[in-house]
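Sending over a structure as structure tokens; questions will come in a sec.
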Amino acid sequence: MAQDKHSLTGISDSGNHVSIFKKNKRLFLASFAALFLVATIVAVATGVSSHKNSKNEGAHAIVKSSCSSTLYPELCYSAIATAPAGVTSNLASLKDVIELSINLTTKAVQHNYFTVEKLTGNTKLTEREKTALHDCLETIDETLDELHEAQADINGYPNKKSLKQQADDLKTLLSSAITNQETCLDGFSHDGADKKVRKALLKGQKHVEKMCSNALAMIRNMTDTDIATELLRNTNRKLKEEKDGSESVWPEWMSAADRRLLQSSSVTPNVVVAADGSGDYKTVSEAVAAAPKKSSKRYIIRIKAGVYRENVDVPKDKHNIVFLGDGRKTTIITASRNVVDGSTTFKSATVAAVGQGFLARGVTFQNTAGSSKHQAVALRVGSDLSAFYECDMLAYQDTLYVHSNRQFFINCLVAGTVDFIFGNAAVVFQDCDIHARRPDSGQKNMVTAQGRTDPNQNTGIVIQKSRIGATSDLLPVKSSFPTYLGRPWKEYSRTVIMQSSISDVINPAGWHEWSGSFALSTLFYAEYQNSGAGAGTSSRVTWAGYKVITSASEAQVFTPGNFIAGSSWLSSTTFPFSLGLPIDKHKNRSPLKADVVVAAEGSGDYSTVSAAVDAAQREAVRGALSESKQVFTGKLCKY
């Protein structure tokens, strides 16, 4: 053992051999480590590249799928391709693509704003061109606000609000943004000189319009899918909007406080306007200017009886303004701006309500320019969740400009001649009187001219439970001035008349073309359960886009509860309303069987009603009718 130990010790202590071995070992280990590091780096790089390629492929597939639902898929792809690679590679869902699309659209809108602003410096512009350019600046500015709000809503999707409410809000924002681009261009369509400026703006405005259209299409695709999924998960839950249609309730966006406010005979206003100087202000414009900005509470401006000759603007930063008049016959706001004298249609409005949540009760809005002055608007509304109760809108051509967003009119009067209800809002008229007036010689009356430009917009004009007729100046000469329910101002024009009384002032054809075959296959015009001498549909137009609705479930889509999301806001206005379709209480009853027939010519049981009643009384005395009622049928005749 000692020798072995010595031998081992001797090996351990033997100098040169051991030193060479250690040096070789260190060199080997260093070389191995270097090779391992290189191999590792190569492997990691390959893995990262593979992961990156996989991630890019996934993002590309999501973009392709998202853009496929749009009307302009190539623009959708190319726009997203301009974003930094680090942004596009992180796209993981349809929601991500929508967010990026809205962001890119916002940048394009900002570019257009600066283009318009630069054009305003041109010293050779006509007055109308200057006005039209300022209209563009206003509508582009509104578009920026709408896109910013849509971006915030998408960021909070789908947890911020109910799916249905958030979907409707998003569709409304993008629908309005599209309308704003059209409005800008429409201001330059009056004569040849204007069209030169229009041409300078056309490319940029149409680009933004298409970008907004793509975002809207993707939003609709996403929200429709999510709502359908939610409905499948909650098949036993009845949606809040599916209420008894005959119930006289307000949409949910109108609070109980607002309902009381607008229906109450005693309301305490914030300020009073009186033309005679007995109030806080002498003009309505002064009261609006003094109102707080972006108020979360109703700001009530009482307008005492009087005639107020002024143009009034309720701008976008004046929220929840209420015009409370002393009555439609006594509180009148009137002016006479018009296109013939140099205004744009947009700017001709006597009153323009843009700030959200605008309400009016007991006020007449009037434009007295007359039929010879062409477009002359009494009231323009771009206020979202706005409502009007017991108001009159009086003018001739283009009386009421329902420009954009969600609107509701109840128990109002609208009178005019050519296209006297027009625009691209989502609007419902309920229990209103809509009267055609006598126009200029050679003109035809058009009740509506709806302006939807995109099939995904949630916009349209709905006239429900109302009365369509004529004013006293038209009635004696109605055969000389044909009157129609409407014509298509834009390609996807949408108007529905339902459960209304239509007088014989309406031409049997019902509807009129705009220009040749334009929009006749893309529009949507429908009628449902109307009555009156002008309601017959047998001689109506045979366009591809026209139909007679026969299904209550299809008509329900156009009621306030569904079409303008009324269940979420109308209750806050305090105005009366009905969310759905009235229930026909006799619908499911079996037809009554007559016990006796009265016929004057002798073909029945009795020739006079008196004889039949006498006979019934005699039967009653004998007790035969003690548990029942007797039914009489009278044939068509005078008794």
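If R0 is 35 Å, what FRET efficiency do you get for residue 160 and residue 515 from their C-beta distance, rounded to 0.05? If you can, show how the numbers build up before the last one.
Numbers: r = 44 Å, r/R0 = 1.25.
The value I calculate is 0.20.
Can you flag which of 164/304; 203/547; 118/373; 203/316 are past 29 Å Cα-Cα? Don't jump to the answer; show the numbers that get you there.
Values: 164/304 40 Å; 203/547 36 Å; 118/373 31 Å; 203/316 27 Å.
With Cα atoms farther than 29 Å apart: 164/304; 203/547; 118/373.
Could you state how much accessible area residue 267 has, in square angstrom rounded to the nearest 10, with a 1.4 Å probe and all protein chains kept in place?
Solvent-accessible area, nearest 10 Å²: 40 Å².
To continue, here is another question. What FRET efficiency do you get for residue 83 and residue 330 if R0 is 60 Å and r is their Cβ-Cβ distance, rounded to the nearest 0.05?
0.55
Oh, and also: With a 1.4 Å probe and every protein chain kept in, tell me what percent of the accessible surface of segment 371-529 is carbon plus sulfur. Display every interim value, and only then the final one.
Working: 1880 of 4140 Å².
Taking all protein chains in place, segment 371-529 shows 45 percent carbon and sulfur surface.
I would also like to ask the following. Could you check the simple spin-label distance between residue 234 and residue 557, using points 7 Å along Cα→Cβ, in nm with one decimal?
Result for the modelled spin labels: 2.2 nm.
Take residue 539 and residue 202, extend 7 Å from each Cα along the Cα→Cβ direction, and tell me the distance between the two endpoints in nm.
4.1
Let me ask something additional. Could you give the length gained by full extension between residue 310 and residue 71, i.e. 0.36 nm per residue of separation minus their alpha carbon distance, to one decimal place? Walk me through the numbers on the way to the answer.
Values: separation 239, 0.36 × 239 = 86.04 nm, distance 4.32 nm.
The residue 310-residue 71 span can extend by a further 81.7 nm.
A further question follows. Give the peptides 324-335, 342-353 in descending order of average Cβ contacts within 10 Å, highest first.
Ranked by mean Cβ neighbours within 10 Å, highest first: 342-353, 324-335.
In addition: What whole number of Å gives the distance from the Cα centroid of segment 166-202 to the Cα centroid of segment 305-356?
22
Ok, one more. At residue 286 and residue 114, where each label point lies 7 Å from the Cα along Cα→Cβ, what is the point-to-point distance in nanometres?
Label at residue 286, label at residue 114, 4.2 nm between them.
Right, here's the next one. Leaving ligands, DNA and RNA out of it, report the carbon-plus-sulfur percent of the accessible area of segment 48-161 at a 1.4 Å probe. If you can, show how the numbers build up before the last one.
Numbers: 3280 of 6000 Å².
For segment 48-161, the apolar C and S fraction of the accessible surface comes to 55 percent.
Could you order 471, 229 by accessible surface area, starting with the largest, using a probe radius of 1.4 Å? Could the numbers behind the result be given before it?
On the way: 471 30, 229 60 Å².
From most accessible down to least: 229, 471.
Excluding ligands and nucleic acids, what accessible area in Å² is computed for residue 514 using a 1.4 Å probe, to the nearest 10?
We get 90 Å² for residue 514.
On to the next question. What order do 75, 202 take when sorted by accessible area (1.4 Å probe), most exposed first? Show your work: numbers first, answer last.
Values: 75 35, 202 60 Å².
Ranked from most to least accessible, the order is 202, 75.
I've got another one for you. Quick one: Cα centre-to-centre distance for segment 461-512 and segment 115-139, in angstrom?
Here the answer is 36 Å between Cα centres.
Can you pull out the trypsin sites (Lys or Arg not before Pro) in segment 505-586 that DSSP calls coil and that have at most 11 other Cβ atoms within 10 Å? Walk me through the numbers before you get to the answer.
Numbers: sites: 540, 547, 585; in loops: 540, 585.
Filter output for segment 505-586: 585.
Now a separate question. For residue 92 and residue 137, compute 0.36 nm times the residue count separating them, minus their Cα-Cα distance, and round to one decimal in nm.
Working: separation 45, 0.36 × 45 = 16.20 nm, distance 3.56 nm.
Length gained between residue 92 and residue 137: 12.6 nm.
The values are calculated or read from the model by the stated rules, or taken from the named source; none is laboratory data. Treat the numbers as computed from the prediction; the structure is a model and nothing was measured. Positions of Cβ are backbone-derived with ideal geometry, glycine not excepted, and every protein chain shown enters the neighbour counts. Accessible surface is based on the protein model in full, side chains and every heavy atom, while ligands, DNA and RNA are left aside. Shrake-Rupley method; radii C 1.70, N 1.55, O 1.52, S 1.80 Å.
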